[in-house]
Structure formats: structure tokens, C-alpha cells
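This report refers to the structure that appears directly beneath it.
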Amino acid sequence: MREAFARLTKDGLVRNTKGAGIEVVDPRQEFVDIYYIREMIEGCAARLAAMRASAEQIARIEALAQASRDTDPADVEARATLNTEFHLTISAAANAPRLDRLISDYRELFASPHILKAYSPSETRKAVDDHAHIAEAIAQRDPDGAEKAMRDHLRGAYAMLLKASDEDAAAEAAAGRRRTKRKP
């Protein structure tokens, strides 16, 4: 039991408070924190990839951006796989092993393809365009542009997911009110 709580504490899911015992961390705040961290570290990875990536790594990043464009927006599983591969390929192209491991750890927290179901068609197109901009900046060896494009992309993803989360919460609350009103 102690080991389980230690792991949950290490992962930031619970915290030990003096006198109150163990409490669950607000998942929304955890979500915000993770996206801020991802924005910083993946922005750094894009910057380093623009400076350090090999020609083969750049070709792979460009191919993944194109594959994202060519993938059916309704194919959530394929989009999720390409999205993960795109981000992890940039991370590897930074040629900074510790940063690569850190990014992999943070991406695992949001690896579910179900997240992409929240994207509207216009948001999907925006994410695909973002990937193209990131790939282009890396290919042009533009560290500032690559970092900015990645940070903007993650900021947009965060805003979209937050909006979807708020809409889900509102729908759940409305459904709860409807159920309550139906009771005799």
C-alpha cells in the first residue's frame, strides 16, 4: 500500500498533506501543469531539432507531417499514431537523450487516441497545419520558428482540450439536472 501511494505521489496524482493524510490532486490543475511543461520541453526539442537534426530525421519529420495531412480526419486511431510519432520523432531529432526521455514520460500521460475525438474538423485541420509549420521550420533550420510553432501548437491543443472538457462538464451537469427533474 505504501509503495502504491509513493508511486501515486511521485506521479503527482495524490499528495500527502500534514494532518489531513492523502488527498487526490485536482486533475484539472494537473492537466494545466502538464501542458505548460509540455509546451516548454517540446518547444525546446523543436528548437534543438532545427539545430541538430540529421537530413534523414528532417525527411522523416516532413513525411509524418505530410502523412497527417493525407490521413482521413475521421480515422482517430491513425491520427493519434501519427501525432505521437511526429512529436516523438522531433524529440529524438533534438539529439538530447535526457530531454527525449522527459518528453516521452510526459506524452504517456496523454497518449489516449480518445483525446483526438474532441477535435472538430476545423481543429483537426489546424493541428495538421501546425505540424506542417513545425516541420517546415525544422527543415529550414530555424530554431526560433520551430520553437514558436511547437509552443503555439501545444497552446492551441491545450485550449481546445480545455474547451472540450468544459463542454463535457456542462453536458454532464445538464444531463444530471434533466435526470433530477424527471424524478417524481
Return the residues of region 41-72 that are under 19 Å from the mean Cα position of the chain (by Cα) and small (G, A, S); say none if nothing qualifies. G43, A45, A46, A49, A65, A67, S68
Tabulated pairs, region 137-160, first among the polar types (S, T, N, Q), second modelled with pLDDT of 95 or more and surrounded by 15 or more Cβ atoms within 10 Å (Cβ to Cβ), C-beta under 9 angstrom, 6+ apart or interchain: Q140/A50; Q140/A146
Please specify each residue of region 15-70 satisfying the condition of being surrounded by 20 or more Cβ atoms within 10 Å (Cβ to Cβ), among the charged types (D, E, K, R) and touching a Leu at 6+ places or on another chain (Cβ under 8 Å). R38, E42
Could you say whether any residue in region 79-97 is of a type in the set (D, E, K, R), under 23 Å from I138 (Cα atoms) and at pLDDT below 95? yes
Collect the residues in region 131-172 that are surrounded by fewer than 20 Cβ atoms within 10 Å (Cβ to Cβ), among the acidic types (D, E) and modelled with pLDDT of 95 or more, keeping them in residue-number order. E136, D142, D144, D152
For L8: the one exception among (1) closer than 18 Å to H153 by Cα; (2) part of a helix (DSSP H, G or I): (1)
Are there any pairs, at least 6 apart or on different chains, whose C-beta atoms fall under 9 Å, with the first in region 119-130 and exposed (fewer than 14 other Cβ atoms within 10 Å of the Cβ) and the second not in a helix (DSSP H, G or I), and if so, which? P121/P73; R125/P73
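The values are calculated or read from the model by the stated rules, or taken from the named source; none is laboratory data. Please read all numbers here as calculations on a predicted model, not as lab measurements. Methodologically, a virtual Cβ is constructed for each residue, glycine included, from the backbone with ideal geometry; neighbour enumeration extends over all protein chains shown.
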